[in-house]
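Undergrad: Would you mind keeping the following structure in view while I ask a few things?
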Amino acid sequence: MPSLSYVAALNQALHDEMARDERVCVLGEDVSLGITGITKGLAEVHGTGRVVDTPLSEQAFTSLATGAAIAGQRPVVEFQIPSLLYLVFEQIANQAHKFSLMTGGQASVPVTYLVPGSGSRSGMAGQHSDHPYSLLAHVGIKTAVPATSSDAYGLLLSAIREPDPVAVFAPTLLMGTSEEIDGDLDAVPLGSARVHREGTDVTVVAVGHLVPVALQVAAELAAEASVEVVDPRTVYPVDWETLGKSVTRTGRLVVIDDSNRMCGFGAEIAATAVEEFGLAVPPRRLSRPDGAVIPYALNLDHALLPDALGLAEAIRAVLR
């Protein structure tokens, strides 16, 4: 089977969707150069009129994308650093997200915010290492965090085709990964979870780059427990039906989530499971600490992030 890298999958999704729909355009800093590899070759194939290098003013080009979307285009905005989302939160949450609702559905804002290299990087420190998908989900913005190449391709396609704003986070630790592809790639519906490994004793809900970590731990603990690994794929909307079926069957839940603990995505999964899914024991969640700011020192950086050791301990805890 052919192997497809995570970056190449995102790049291919942009190429395919720009070829399919002439309304699709790409905005961002140095997008014509394709520094991350995600926008590589787009300008040469589709022209600089649709692949636009912007000035270093995120608030300006994020607002430009909102206007372009209202006018009938389908812009994709690439942010070089995830923390830039804080800078443009007004443009995304208060303008693009609310415009359709405030006009009674008379207008739509089909803009995609693409965030490559999200999450901690080696030595990138406090202002470059956030993973703020929970923040966008909190205000109701459709938010995807693909864990595999095929999901990266399919979720980005669905994001671009949505009539509403959608954020797609591409975690740093997945940017160098690949997946063997069996068959054709296609769009993946937003709000559709994926069960990567079936099990009967405990459900592990893992997000983004923590999905392969969860699969590794599940394999290592196979002699001790049957671990089901579920990837939500979109943190808003959440596929509660798939998660509910899994947790109701196993009766035990562990969530591993690379966002800050307070008001994080993991807290929402745990709370809903307690309220609705009939857990046999209290759930466990692994995340960054409350208010985490990632240090420059690599050993401290790694100490703040959820990992395989912590996940194995949490699984054993809910099984006791």
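The values are calculated or read from the model by the stated rules, or taken from the named source; none is laboratory data. Here the structure is a predicted model, which is why all the values come from computation and not from measurement. Positions of Cβ are generated from backbone atoms using ideal geometry, with glycine treated the same way; all protein chains shown enter the neighbour counts. Only protein heavy atoms, including side chains, enter the accessible area calculation; ligands, DNA and RNA are left aside. Shrake-Rupley method; radii C 1.70, N 1.55, O 1.52, S 1.80 Å.
Undergrad: Sort out which residues of segment 228-250 are open to solvent by 10 Å² or more (accessible area, probe 1.4 Å) and among the hydrophobic types (A, V, I, L, M, F, W, C), and write them in order of number.
TA: VAL238, TRP240
Undergrad: Continuing with the same structure: Looking at (1) within 21 Å of HIS138 (Cβ to Cβ); (2) in a loop (DSSP other than H, G, I, E, B); (3) of a type outside the set (D, E, K, R); (4) open to solvent by less than 10 Å² (accessible area, probe 1.4 Å), which is the one condition that is false for GLY199?
TA: Every listed condition holds for GLY199 apart from (1).
Undergrad: Which of the residues belonging to segment 9-20 are crowded, with 18+ Cβ neighbours inside 10 Å and touching a residue at least 60 places away in the same chain (Cβ under 8 Å)?
TA: Across segment 9-20, the qualifying residues are ALA9, LEU10, GLN12, ALA13, LEU14, GLU17.
Undergrad: Restricting the search to segment 1-55, which residues are within 17 Å of THR148 (Cβ to Cβ) and part of a helix (DSSP H, G or I)?
TA: Within segment 1-55, TYR6, VAL7, ALA8, ALA9, LEU10, ASN11, GLN12, ALA13 meet the criteria.
Undergrad: Let me confirm something: among LEU210, LEU253, LEU173, which residue is buried (at least 19 other Cβ atoms within 10 Å of the Cβ), farther than 24 Å from SER149 by Cβ and aliphatic (A, V, I, L, M)?
TA: Criteria check complete, one pass: LEU253.
Undergrad: Among the residues of segment 232-240, is any in contact with a Leu (Cβ under 7 Å, 6 or more places away or on another chain), more than 20 Å from ASP130 (Cα to Cα) and among the hydrophobic types (A, V, I, L, M, F, W, C)?
TA: No, because not a single residue in segment 232-240 is in contact with a Leu (Cβ under 7 Å, 6 or more places away or on another chain), more than 20 Å from ASP130 (Cα to Cα) and among the hydrophobic types (A, V, I, L, M, F, W, C).
Undergrad: Taking only segment 97-141 into account, find how many residues are part of a strand (DSSP E or B) and either at negative phi or open to solvent by 50 Å² or more (accessible area, probe 1.4 Å) (or both).
TA: 6
Undergrad: Against the definition (of a type outside the set (S, T, N, Q), crowded, with 20+ Cβ neighbours inside 10 Å and closer than 22 Å to LEU173 by Cβ), how does ILE38 come out, yes or no?
TA: yes
Undergrad: Which is within 17 Å of GLY119 (Cβ to Cβ), at pLDDT below 95 and polar (S, T, N, Q), of SER287, SER259?
TA: Within the list SER287, SER259, the selection yields SER259.
Undergrad: Would you be able to tell me the number of residues in segment 261-303 that are open to solvent by 50 Å² or more (accessible area, probe 1.4 Å) and either within 23 Å of the chain's Cα centre (by Cα) or of a type outside the set (S, T, N, Q) (or both)?
TA: 21
Undergrad: Looking at ALA225, ALA219, which one is free of Cβ contacts under 8 Å to residues at least 24 places away in the same chain and either assigned to a strand (DSSP E or B) or over 20 Å from the mean Cα position of the chain (by Cα) (or both)?
TA: ALA219
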